[in-house]
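The values are calculated or read from the model by the stated rules, or taken from the named source; none is laboratory data. As the structure is a prediction and not an experimental result, all values here were calculated from the model. Neighbour counts run over all protein chains shown; Cβ positions are idealised from the backbone, glycine included. Note: accessible area is taken over every heavy atom of the protein model, side chains too, but ligands, DNA and RNA are not part of it. Shrake-Rupley method; radii C 1.70, N 1.55, O 1.52, S 1.80 Å.
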Amino acid sequence: MDFKGADAARCAGSDRILRMQASPSALITGITGQDGAHLAEFLLGRGYVVHGVRLYSATDDTQRLRDILDHPRFHLHIGDLNDGGSLARLIRDCAPDEIYNLAAQSHVHASFKVPEATAQINALGPLRLLEAIRLLGREHEIKFYQASSSEMFGNAPAPQSEDTPFTPCSPYAAAKLYAYWLVRNYRDAYGMFACNGILFNHESALRGQEFVTQKIARGVAALASGHDAPALVLGNLNSRRDWGDARDYVRGMWMMLQRDTPDDYVLGTGQSYSVRDFVNAAFDAVGFTLTWTGIGVGETARCARTGRLLVSIDPSLFRPTEVNNLIADAAKARTVLGWMPETDFQTLVRDMVAAAMDNTQKSHGDDDWTNDNYARLA
Ligand code: NDP
Ligand code: GDR
């Protein structure tokens, strides 16, 4: 071995020893999103050094990270799933023990409008990450988590488990399915510790406002506050989802990477509710009872007491193809990982509406809001 090689081996060896003694470290792509923020907080709580990857942005996109930005074990880096070089550099420089690939164009309806961009990020992005790990020679050191999705099941009969055949119904789901198979292939071909978490819908106060749960929570809070808010305009009310709490799901991601062998796991609650159920529960949380009339795009909901219009339908919000009914069979995660969700549907809805209320209240400077206030205004 020449001097350079011996020196490099010594450095690599001491680096490994240092890392064994130091805190575990994780690289999270999609750090500015809902799951990125919750996972970072969870891992910091477990003593990790956390490297978060965000897109370059001229505006401040770190709102969800405000509580951890100054944490001494948290580091923010610029990177892009569309830029393989940036990913390789980050993996080399941060030398993480675990990588969580959460970055995505994550909006299903938007994927019909920007299918090529969606494929670049959601399908080829994970490929770039896996190749970077392999080309850096770290395929036997880094554990890799891929954010796969229940959308990959499409309209396969419910409940859906790891053994259910996939029938993707959108460019988003098709791109995620490519990444899913890639993870399995890199596991088999190169012996990588790579896992797919096939996660059903999970929500929180940090959920993006374009997703239906947050749209409903914020719309209800605005209507309940009485600040001249317009009625909530929604698309398909009949689709059913298995909605859980994001904080339960980021714990599940971590649990997958703590096993001795890599595998794929479904995470979900096993309960499904329609979008209409979510609307009813959200209005119920502020003391409104709804009266529904009409069918299809003519359906509306009014306040049962005052007759005020609260919900109407816009056909442009329907998707070209819809996923009708998702219900998780998470038995494998329960038995192998010991994972169980801790928040039920009613609590999730109430928490999201309460958080939306707080925001509405702060932005309008109100200070005395109770359910009775809201009910009086309806
Ligand atoms: P979000 O949409 O909240 O977050 C996605 C993140 O990816 C954002 O930080 C976004 O940055 C970032 N991003 C987008 N494009 C790129 C890119 N080219 N390079 C680097 N980063 C990029 O999603 P969630 O947190 O809800 O979901 C996390 C992951 O889990 C996603 O992959 C999603 O598809 C998947 N998933 C989510 C489920 C859910 O119910 N939440 C269920 C199953 C799977 P910016 O905000 O700046 O655009
Ligand atoms: P989804 O979440 O597509 O399941 O993907 P979303 O909240 O967008 O839609 C859920 C259901 O609600 C119906 N819907 C509406 N949806 C939105 N966004 N806006 C509306 O106004 C509206 N009205 C009705 C939709 O048609 C759909 O049936 C989420 C994302 O987080 C993905 O990244 C993730 O992979 C899956 O969950 C699991």
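Below are the figures for this structure:
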| item | result |
| --- | --- |
| Positions within the stretch 232-252 being buried (at least 21 other Cβ atoms within 10 Å of the Cβ) and touching an Asp or Glu at 6+ places or on another chain (Cβ under 8 Å), in sequence order | Leu234, Trp243, Gly244, Asp245, Ala246, Tyr249, Val250 |
| Evaluation of Asp263 against (1) open to solvent by 10 Å² or more (accessible area, probe 1.4 Å); (2) more than 16 Å from ligand 1 (Cβ to nearest atom); (3) over 30 Å from Glu141 (Cβ atoms) (one fails), failing number | (3) |
| In the stretch 150-163, residue nearest to ligand 2 (Cβ to nearest atom) [restricted to those that are open to solvent by 10 Å² or more (accessible area, probe 1.4 Å) and not hydrophobic (A, V, I, L, M, F, W, C)] | Glu151 |
| Test: residue in the stretch 217-227 that is more than 16 Å from Val353 (Cβ to Cβ) and at pLDDT 95 or above | no |
| Inter-residue pairs, beta-carbon under 6 Å, first under 20 Å from Thr59 (Cβ atoms) and in the stretch 72-84, second surrounded by fewer than 15 Cβ atoms within 10 Å (Cβ to Cβ), 6+ apart | Ile78/Tyr56 |
| Count of residues meeting criterion [near ligand 1 (Cβ under 10 Å from one of its atoms), out of contact with any strand residue (DSSP E or B) (no Cβ under 8 Å at 6 or more places or on another chain) and open to solvent by less than 20 Å² (accessible area, probe 1.4 Å)] in the stretch 112-144 | 2 |
| Pair list, Cβ < 9 Å and 6+ apart or interchain, from the stretch 107-123 residues that are under 17 Å from Ala179 (Cβ atoms) to residues that are charged (D, E, K, R) | His107/Glu210; Val108/Glu151; Val108/Arg319; Ile121/Asp80; Asn122/Lys176; Ala123/Lys176 |
| The stretch 302-320, residues that are assigned to a loop (DSSP other than H, G, I, E, B), near ligand 2 (Cβ under 10 Å from one of its atoms) and either open to solvent by 60 Å² or more (accessible area, probe 1.4 Å) or within 30 Å of Glu162 (Cβ to Cβ) (or both) | Phe318, Arg319 |
| Selected residue (only one of Leu232, Leu177, Leu182 is over 22 Å from Val250 (Cβ atoms) and within 11 Å of ligand 2 (Cβ to nearest atom)) | Leu232 |
